[in-house]
1. Within the set of pairs 6 or more residues apart or between chains, which connect a residue that is away from ligand 2 (no atom under 16 Å from the Cβ) inside region 392-405 to a residue that is β-branched (Val, Ile, Thr) with Cβ atoms less than 9 Å apart?
2. Does at least one position in region 84-91 carry a residue that is assigned to a helix (DSSP H, G or I), of a type in the set (A, V, I, L, M) and surrounded by fewer than 18 Cβ atoms within 10 Å (Cβ to Cβ)?
3. If you scan region 360-404, which residues turn out to be charged (D, E, K, R) and open to solvent by 30 Å² or more (accessible area, probe 1.4 Å)?
4. I'd like to check which helices (runs of 4 or more DSSP H) are fully inside region 412-487 and have at least 2 residues that are open to solvent by 60 Å² or more (accessible area, probe 1.4 Å) and free of Cβ contacts under 8 Å to residues at least 40 places away in the same chain.
5. Considering region 204-227 alone, what residues qualify as being open to solvent by 40 Å² or more (accessible area, probe 1.4 Å) and part of a loop (DSSP other than H, G, I, E, B)?
6. What are the pairs with Cβ atoms under 7 angstrom where one residue, in region 642-666, is open to solvent by 20 Å² or more (accessible area, probe 1.4 Å) and the other, located anywhere, is of a type in the set (D, E, K, R)? Sequence gap at least six, or different chains.
7. Do you know which residues across region 344-379 are in a strand (DSSP E or B), under 11 Å from residue 314 (Cα atoms) and touching a helix residue (DSSP H, G or I) at 6+ places or on another chain (Cβ under 9 Å)?
8. For region 367-392, how many residues meet the condition of being at pLDDT below 95, out of contact with any Asp or Glu (no Cβ under 7 Å at 6 or more places or on another chain) and of a type outside the set (A, V, I, L, M)?
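The values are calculated or read from the model by the stated rules, or taken from the named source; none is laboratory data. The structure displayed is predicted, hence computed values, not measured ones. Glycine gets a Cβ as well: all are built from the backbone with ideal geometry, and neighbour counts include every protein chain shown. Areas reflect the complete protein model, heavy atoms only, side chains present, ligands, DNA and RNA absent. Shrake-Rupley method; radii C 1.70, N 1.55, O 1.52, S 1.80 Å.
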Amino acid sequence: MSIEQKINQLRDELRAHNYNYYVLDAPTISDYEFDIKLKELQALEDEHPEFYDANSPTQRVGGEVTKNFETVVHENRMYSLDNSYSKEDLQDWETRIKKLVDGAIQYTCELKYDGASMSLTYENGMLVRAVTRGDGFQGDNVTANVKTIKSVPLQLKGDYPPKFEIRGEIVLPFEGFNKMNEERIANGEEAYRNPRNTASGSLKLQNSAEVAKRPLECLLYSIKGENLGITTQFENLEKARAWGFKVPDVAKLANSIEDVLEFVAYWDEHRHDLPYETDGVVVKVNDLQQQEELGYTAKAPRWAMAYKFKAEQVSTRLNSISYQVGRTGAITPVANLEPVDLAGTTVKRASLHNADQIEKLDVRIGDTVYVEKGGEIIPKILGVDLSKRPQTSEPTIYIEHCPECGTTLIRKEGEAQHYCPNYNGCNPQIIGRIQHYISRKAMDIEGLGGETVALLVNEGLIKNYSDLYELTKEQVIPLERMAEKSADNLIEGIAQSVNIPFERVLYALGIRYVGETVAKKLAKHYKSIDAISNATEEDLVNVDEIGTKIAESVADFFSSEENNGIVERLKQFGVQLEISAEQLEGQTNILEGQSIVVSGVFESVSRNELKKLIEDNGGKVSSSISSKTSFIVAGDNMGPSKKQKAENLNIDIVSEYQFLQKIKLF
Ligand code: AMP
Ligand code: ZN
């Protein structure tokens, strides 16, 4: 088999596995096996850039950066839908349309997915464009981002037409949404409010590699184009499914409004079993000929109607408000409710988010409040039933002091959350920070768990993470349920953590807004904790991808005597506070801020070595040429289309040796 055949075979195989996994939810190989095959394909493509394909399964990881999304005029306007809320509304609609078309009317009932509308264009079976709805007439070209969504086929299967547009909804399933929020909270960031806004926000991220990390899905519902040979909406769905799109198979045909209402009633009850959010049903006239006769009003098709579910709400009494203090000192007000059944669970608490929210809702203790449960972890309060407000009720006054340590709270300009500034003296902050320090992605200390950390702090054995290194077995054995063996493991685990590399230690310190990626960036740029702590805010913002919020937070951390003392102690215990000599070798900042494309085959280095050289010298490897490309390193066999693109954009092309000279290796 030739290399080209091998590459094509792997691409086909991976496409099929992607389809089984993301569209059918029925994988036939393990994630591990999938990764091995993907890596194999990546390696072959790296070595043979002449077989580059923008729609290869390797292109799903993203990496393209978009500064301004290009505006695209929709070939067919993207309309809204009219809404209905009752049986009467639907019957009125039927009466209206029956006057406009002849013959019996059959309906397709579908779910109304709550996400961001999307228009995808395919030519010769390849995805060529993905555009947001925008104002309905024109939207943003977000192709690079949408390519990373695994349920969007990059290449179709079956007997698809040469050119068509397909519409759907990009949604963020609850499970992935909740996981993203857990991570944000762990990094000291505010949680996202709901899956819909997060999905549409994701499409506008400038770095497609970030989008690739989000578990978005694309659910399709309508095909547009010429000479498609499709005569009904139901066929639309079947065809799309056959070509490889994800089309939920809940759609049903209905011969009357009674049938439609049956569908509505079923899903009103069962929608909470779905993995993503739905806010109603969309009823469409099934016959496309009839649809055409009915046409559009100024804003919506006459042939379709949305039926909105009533939000699942209950009312109950607000007994009290408590205030929680997080690891970063952020205060979250929580409503304690009279327990009530809602969507199959008993609800006792609801989030109130922050002081502004309390003020906006004007919720008061003793009020009867409306509570709604989306797919979020904790339900939300929608409003107050003022008719039931007790006469004695008084406005809620937000706390001014930390409920844990009594310190006066602060609130920064432009931020919604109040903070307890008692960084090193407030128990939940101390415990949270040490729990973060030992966590798997940070110092990964085996034998020590979150509850033990709380015990150690509450017993007064440790006050910050540097104290961990002075713990003795004799001190920990008396702790609850601590057997001798466990005590040994704990001490051993702590001792082992001095081998964790600097970038992870930096993340472990728990500086607000310094997540894993930022920690890596800072470690690479500054190479030691001393250099970071000496950097001014102005220095910090000059580092690629470090914004003012992060810079301020880092400078703030190191302006504290106490923090510097703790870091100093970590150093004495042997924790890695600089990049090791091995890591340091051959690393410079010569290419900092530059985005470099590698193309072709090289003589003295492999493509992968070349990419590593770029990264070791502070540059960024980008997979496609754009106006932001700093230069291209070209070897033999650079593709003609890439060459043309580089010339059009006036981007320098340098040879392998010119490149090595740049980084002073030649
Ligand atoms: P609205 O934005 O409330 O006017 O509703 C129209 C939007 O509903 C469309 O732009 C689609 O994004 C969305 N939608 C969700 N599910 C469907 C579906 N099954 N059929 C048509 N539109 C849908
Ligand atoms: Zn406090």
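1. 393/365; 394/365; 396/321; 396/358; 396/363; 396/365
2. There is no residue in region 84-91 that is assigned to a helix (DSSP H, G or I), of a type in the set (A, V, I, L, M) and surrounded by fewer than 18 Cβ atoms within 10 Å (Cβ to Cβ).
3. 360, 362, 364, 372, 373, 380, 388, 389, 394, 400, 404
4. Filter on region 412-487 gives 450-458, 473-476.
5. 204, 205, 206, 213, 214, 215, 225, 226, 227
6. Listed by first residue and then by second, the contacts come to nothing, as the list is empty.
7. 368, 369
8. Residues flagged as at pLDDT below 95, out of contact with any Asp or Glu (no Cβ under 7 Å at 6 or more places or on another chain) and of a type outside the set (A, V, I, L, M) within region 367-392 amount to 8.
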